[in-house]
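The values are calculated or read from the model by the stated rules, or taken from the named source; none is laboratory data. As the structure is a computational prediction, the values presented were derived from the model and not from experiment. Neighbour counts run over all protein chains shown; Cβ positions are idealised from the backbone, glycine included. Quick note on the areas: whole protein, heavy atoms, side chains included, nothing else; ligands and nucleic acids left out. Shrake-Rupley method; radii C 1.70, N 1.55, O 1.52, S 1.80 Å.
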Amino acid sequence: MAQFRNFRMVNYVIYGKGSFDQLDEILAPQRKGDAPMIFFVDEYFQDKQAFLSRIPLRGKDKIVMIDVTYEPKTSGVDKLRDDLQAEFGQVSGIIGIGGGSVMDTAKAVALMMTNPGSSADYQGWDLVKVPGVYKAGIPTIAGTGAEVSRTCVLTGPTRKLGMNSDFTTFDQIVLDPTLTASVPVNQRFYTAMDCFIHCVESLNGTYLNAFSQSYGEKAQTLCEEIFLDKAVWDEDADEKLMMASYAGGMSIAYSQVGVAHAVSYGLAYVLGTKHGIGNCIVFDKLEEYYPDGVEKFKRMVQKHGVDIPQGITKNLTEEQFETMINVSLGMKPLWENALGKDWETIMTREKLRKLYERL
Ligand code: NAD
Ligand code: ZN
């Protein structure tokens with residue numbers, strides 16, 4: 001293993017209110033003959049004609065609505081790929097317009113257009129060997145950092161794990177904060193807190209370095225400014241949250257997340273709890289590990305009148321607790337980042353069980 005990670009970043013970034021309307025000219029040079037551009041769009045926009053009409057369709061281009069009731073699965077990714085190959089043979093590119101769920105689906109399908117087999121074969125680190133087709137990400141809700149990361153998180157037959165590779169990163173992202181204005185208050189909070197929690201976990205982790213710290217501190221400050229200092233939510237808040245998400249993603253690119261993510265992966269696996277809300281449910285109980293971050297989080301929850309579900313593990317069976325603990329303790333780099341090399345002596349099965357029981 002090389003000592004320093006040499007990671008690939010997004011090739012092109014456009015930022016600004018209304019920058020979405022430059023998409024046609026951005027895509028033009030990426031079109032290959034008459035192979036279409038495929039637009040994966042969050043189903044929220046299904047009946048939003050005014051928005052749909054701004055998508056620059058040309059020739060055989062197609063809009064595919066993506067159901068985000070559940071987080072992306074390898075089976076869903078494979079099916080989207082099979083359908084596109086059956087209909088078009090090859091495509092010029094895949095454009096993901098939505099939250100983390102749609103952006104991750106777009107990344108995964110773009111890779112699977114050129115890589116053989118099932119996306120489940122590529123869940124892990126650096127298993128993807130061939131570049132996919134051109135791909136662009138356009139967030140319509142901010143916080144996950146999926147727009148900048150080198151992974152796309154998928155639930156597969158045996159695990160929930162991303163296709164982590166240099167080929168996974170988007171070729172282009174379009175950061176237009178006006179697209180996020182319609183996100184409902186609770187959902188906005190859950191996804192934004194994914195960013196806040198990324199920062200707290202990265203800044204308090206043993207993997208911290210100046211690269212991660214520079215981005216993490218900025219992103220955390222932006223979150224506090226918009227969720228604690230601002231009297232009302234406005235356009236400026238949407239702009240800052242979009243940049244917080246970007247910087248938060250950059251921060252973990254060169255460090256790692258921690259306890260909240262490790263514990264929330266167990267919840268997701270056993271209960272299907274979604275990433276943003278799952279992280280909030282866990283982080284709410286992590287005062288022992290992140291006292292300062294949790295105190296601020298609780299103030300934000302209170303100020304915005306958001307519901308953080310309680311008692312979600314009340315009726316779980318012994319077997320379900322065991323599975324959750326196994327999934328969580330399997331996230332070794334997260335625990336090592338959070339608690340150091342001796343993490344196994346600190347986070348014992350008994351201790352983790354007690355934590356799960358409090359959620
Ligand atoms: P999401 O994509 O699941 O969307 C959440 C909800 O917001 C959905 O109901 C969606 O329809 C709605 N929505 C989106 N845009 C909207 C808009 N403009 N107006 C109104 N409603 C809108 O949520 P998310 O939190 O962005 O993403 C979560 C997913 O991201 C998970 O699958 C998680 O695993 C993944 N994730 C990936 C990474 C990565 O690095 N690749 C990092 C963190 C999380
Ligand atoms: Zn996260």
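Quick notes on this one:
- Residues satisfying the stated conditions in the stretch 195-219, i.e. within 14 Å of ligand 2 (Cβ to nearest atom) and either assigned to a helix (DSSP H, G or I) or under 18 Å from H304 (Cβ atoms) (or both): C195, F196, I197, H198, C199, V200, E201, S202, G216, A219
- Test result for A192, of a type outside the set (S, T, Y) and assigned to a loop (DSSP other than H, G, I, E, B): no
- All positions within the stretch 140-169 that are within 14 Å of ligand 2 (Cβ to nearest atom) and over 16 Å from G124 (Cβ atoms): I141, A142, G143, T144, G145, A146, E147, V148
- The set of residues from the stretch 1-17 being more than 15 Å from ligand 1 (Cβ to nearest atom) and modelled with pLDDT of 95 or more comprises N11, Y12, V13, I14, Y15, G16.
- Unmet criterion (only one of (1) modelled with pLDDT under 95; (2) in a helix (DSSP H, G or I); (3) touching a Ser or Thr at 6+ places or on another chain (Cβ under 7 Å)) for S255: (2)
- Taking the stretch 255-291 as the range and being free of Cβ contacts under 8 Å to residues at least 60 places away in the same chain and surrounded by 24 or more Cβ atoms within 10 Å (Cβ to Cβ) as the test, the residues that pass are S264, G278.
- On the stretch given as the stretch 170-216, residues that are open to solvent by less than 10 Å² (accessible area, probe 1.4 Å), β-branched (V, I, T) and more than 18 Å from T140 (Cα to Cα) total 2.
- Checked against (1) buried (at least 24 other Cβ atoms within 10 Å of the Cβ); (2) near ligand 1 (Cβ under 9 Å from one of its atoms), L241 meets all criteria but (2).
- Single match in V68, V91, V41, V77 (criterion: closer than 24 Å to K160 by Cα and part of a loop (DSSP other than H, G, I, E, B)): V68
- Within the stretch 276-296, being in contact with a helix residue (DSSP H, G or I) (Cβ under 6 Å, 6 or more places away or on another chain) and either charged (D, E, K, R) or more than 16 Å from ligand 1 (Cβ to nearest atom) (or both) holds for K285, L286, E287, Y289, Y290, G293.
- Sub-7 Å Cβ pairs linking a first residue in the stretch 110-139 that is under 21 Å from I38 (Cβ atoms) to a second residue that is open to solvent by 10 Å² or more (accessible area, probe 1.4 Å) and acidic (D, E), at least 6 apart or interchain, are M112/D78; S118/D78; S119/D78; Y134/D171; K135/D171; A136/D171, ordered by first then second residue.
- Only residues that are within 10 Å of ligand 1 (Cβ to nearest atom) and assigned to a helix (DSSP H, G or I) were counted across the stretch 265-275, and they come to 3.
- Scanning the stretch 154-206 for residues that are touching a Leu at 6+ places or on another chain (Cβ under 9 Å) and acidic (D, E) gives a single hit, E201.
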